[in-house]
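To keep things clear, I will list the structure first and then write my remarks on it.
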Amino acid sequence: MNTKIYKKGLMGFMGLMGLMGITGCSDFLEIKPQNEIILEDFWNEKADVDAILTGCYAGIQEGNVIKRMMVWGEFRSDNIGPGSNVQQDGNLEKILKENIDAKNSYTNWESFYSVINRCNTLIKYAPGVAAIDPAYTESELQANIAEMVGLRSLCYFYLIRAFRDVPFTREAYIDDDQTMDLPATKFDDVLDSLIYDLESVKNNAVKRYPVTKEMYQTGRITQDAIHALLCELYLWKKDYQNCVRYADLVIESKKAIYEENRKKRTTSSSLQSQDAVEERFNGFPLASNSTSSNYFGDAYTTLFGSDRNNIDEVNQEIIFQLVFNDDPQGSGMPANGAVNDFYGNSQSTTGLVAPSDYIYSQIEASGQDRKVYADKNKMFDARIYANCRYTGSGSGNSNKSINKYTTSSLDIYAAGTTPEASYGSKYPQNQNGSNWVIYRLSDIMLLKAEALTQMMRDGSDADASEYNRNLLDRAFTLVNAINKRSICQTQLTDTLVRGNYSSKGDMETLVLQERQRELMFEGKRWFDLVRLSQRTGNTQTLTSAALQKATTGAGLISNHLAKMDAIYWPYNLEEMKVNLNLVQNPAFGSGEDESYQKTTKK
C-alpha cells in the first residue's frame, strides 16, 4: 500500500461522493456515480454519509475486485482450466499453468485498498455528521461504522489469504501529504486486528432490514454477515470454539427466518414444510430442491438464477452477496462483468476459463477413481449439473463450460437411469445479472463441520472416545444435510454412511470434498487448500490438487509448491518499486523473474 495507490483510490472515491439521492426501497444498491465534488463540501448531513456508504459498495462491486476474488480464491485450484480464447489474457493463462511472477496484473491489489480507504474515510468523518445533523442518530452512526468495519475487514481478509502479509492501516488517506508506503504486517497480526475490530462493532450492526428494503438483507453487511466473517476468521486462527459459536449464531438466525417464512406462507408450494426440512436437511433451512416430482434444480435457480427474487428462500440461505442486474442501463445497477468474461455468456458459451479436465473426468469416473462426486451409480448429484454445463453421460458435452452464475435456470429430470439436464439461456454479453455470493448457509455449516473435526482430542480412553464420537456425529450431520439437498431422488436415501467416517482424517477429507462439491466456482477452493496447508504445515494436499490439471511441467510445479511461500502470491512489481518497505515473497525471487521456473532453478 502506497501513496500512488491511495491517490488513485481517493480520486475514484471523490467521484463517488456526488451520488444521487436515496429515495426508493432498493435504490441504495442501484445508484450511479455522478460528478466529482470537493471533500470539504461533504460531511454536513446524513445524506452525505449515505452517499459515501453507497460508494463503498460500488467499489467492491467493481470488476477488478470480483475478478480477483475469483482468481485468488479459485483459479490456481484443481477446479479451473483454460477456456476458449484464454490466450487473449496472457496473465490469466500463466496463472492456470502455475507460472506466476510479480509482473502479473492479477497481483495488483489497488482495487481492494481503494475500498478499504473509502471505508476508513467514512469511519473518520461520519461521527462529525452525527454531531451536527439531528436526523443522523447515534444508533445509525454506530450501525454504519459496523457496516464499514465489516466491509473493510472482508477486503483485508481477501488480501491476507492471497498474499499472507500485507500493509494494514485503519487510517484514511485524504491528502497527498500523507505517506502510506507501509511495510507489510504479519498475517497473524492482521487476522487478530480484524477479529478485534469486528468483535468491537458486531452488536451495533443491523440485525434485520424491514421488508420494504428486502435487497438490503443480503446485499449489505448485517450482523449475520459479521458473524459469518468472524466464524471463518476464527477458523483460520485455529480458535475452533469461537468458530463454532459464530456458526451457531448464523444457523439459529437462519432458522428463525425460515420459521417466520413458514408461518406466513403455510400454503406455499415453494417453501419446504417443517417435516421436509427435518427429514431432508437435518433441520437446517437450506433452499429447497423439488421433492414432489422427478424434476430438480430449484435450489440452483433460487440461489444463482432467476428465482433470486424469491426473497423468503434467498434470505434463508444467502448471508451476504454482491448485487448485480441483467439490465445495467435500465436499472442503474452494474452487470456482473467478471462472470461474463471469465465464465462465459450467450455469445461465448465458454469463457476465458472452464471446468478443468480433471473435474469433467470425475463426472464420468467410477469406483476408486471417483473422488469429487459420489458414485454416479448410487446417486444423482444435482451439483454436477449446477456447476458444469453437463446434460448427461455420453450426451454430447464437448462444449465444456461453467454453468454456475452463467444461466438463469436449471432443470434435471431424474426419473430414468441416466438423468438429463436442461438449462436456461446463458446471460447475454455484458448483461450477466447473477449476484456474487460471498457467504451462504451451507458454507458456514461446512466451516463449522471443519472446526468440530479439529476439536477432537488425542487419546483412546473412554472419555476421549465418547467426546470425539460426539464431534464426528455433529460434523457428519452438517455435511450430510448439504449432501442430501443435492440428491435427485423423490424418495430420499442417504448416500453418505456415518460408519465410513470414523476417524479425524476420514472426516477431514469428507468436509474438504463436500466444500469442493458444494462451493465449486464460488471463489473458495484455493483458500480452503491454503488454510489446510497452514494448519498442517505442509502443502501435500494443495500440491496434489494443483497437479490434477497439470499437462506439462508437473515436476517443476511440484517442487515449487512444496515451499509454503509459493502458495501465496508475489507482490506486484510496480508496487515494489513504489513501496520500498515491502519485501518480496521469497518464492518468487526478486520479482523480476518471468516465471517460477527461473526461481526454482536458482
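Structure notes:
- Selection from the range 163-199 of residues that are closer than 17 Å to residue 228 by Cα and either free of Cβ contacts under 8 Å to residues at least 40 places away in the same chain or open to solvent by 70 Å² or more (accessible area, probe 1.4 Å) (or both): 193, 196, 199
- Residue count for the range 526-560 satisfying the condition of being closer than 20 Å to residue 381 by Cβ and open to solvent by less than 20 Å² (accessible area, probe 1.4 Å): 2.
- Entirely in the range 86-165, the helices (runs of 4 or more DSSP H) that have 3 or more residues that are within 30 Å of residue 529 (Cβ to Cβ) and over 18 Å from the mean Cα position of the chain (by Cα): 90-96, 110-132
Condition check ((1) within 21 Å of residue 257 (Cα to Cα); (2) open to solvent by less than 30 Å² (accessible area, probe 1.4 Å); (3) assigned to a helix (DSSP H, G or I)) across all residues:
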site: 301; (1), (2), (3): yes, yes, yes
site: 315; (1), (2), (3): yes, yes, yes
site: 320; (1), (2), (3): yes, yes, no
site: 324; (1), (2), (3): no, yes, no
site: 333; (1), (2), (3): no, yes, no
site: 342; (1), (2), (3): no, yes, yes
site: 348; (1), (2), (3): no, no, no
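- Per-region count, the range 429-462, residues open to solvent by 50 Å² or more (accessible area, probe 1.4 Å) and farther than 22 Å from residue 238 by Cβ: 6
- Taking each residue of the range 232-258 that is on the phi > 0 side of the Ramachandran plot and looking for partners that are surrounded by fewer than 16 Cβ atoms within 10 Å (Cβ to Cβ) with beta-carbon atoms closer than 7 Å, six or more apart or interchain, yields 238/535.
- Residue in the range 474-521 that is farthest from the chain's Cα centre (by Cα), counting only those that are small (Gly, Ala, Ser) and open to solvent by 10 Å² or more (accessible area, probe 1.4 Å): 499
- Only listed residue being under 19 Å from residue 317 (Cβ atoms), within 21 Å of the chain's Cα centre (by Cα) and either of a type outside the set (A, V, I, L, M) or modelled with pLDDT of 95 or more (or both), chosen from 240, 246, 209, 258: 246
- Among residues of the range 452-474, those that are of a type outside the set (A, V, I, L, M, F, W, C) and in a helix (DSSP H, G or I), counted: 11
- One residue from 499, 523 being more than 18 Å from residue 371 (Cβ to Cβ) and part of a helix (DSSP H, G or I): 499
- Looking only at the range 561-571, and only at residues there that are part of a loop (DSSP other than H, G, I, E, B) and open to solvent by 20 Å² or more (accessible area, probe 1.4 Å), the one that is farthest from residue 102 (Cα to Cα): 562
- Checking each residue in the range 401-451 for being at pLDDT 90 or above, part of a loop (DSSP other than H, G, I, E, B) and not polar (S, T, N, Q) picks out 404, 405, 427, 428, 433.
The values are calculated or read from the model by the stated rules, or taken from the named source; none is laboratory data. Bear in mind the structure is a predicted one, so any value in this text is a computation, not a measurement. Note: ideal-geometry Cβ built from the backbone for every residue, glycine included; neighbour counts use all protein chains shown. These area figures cover heavy atoms from the full protein model, side chains too; ligands, DNA and RNA do not enter into them. Shrake-Rupley method; radii C 1.70, N 1.55, O 1.52, S 1.80 Å.
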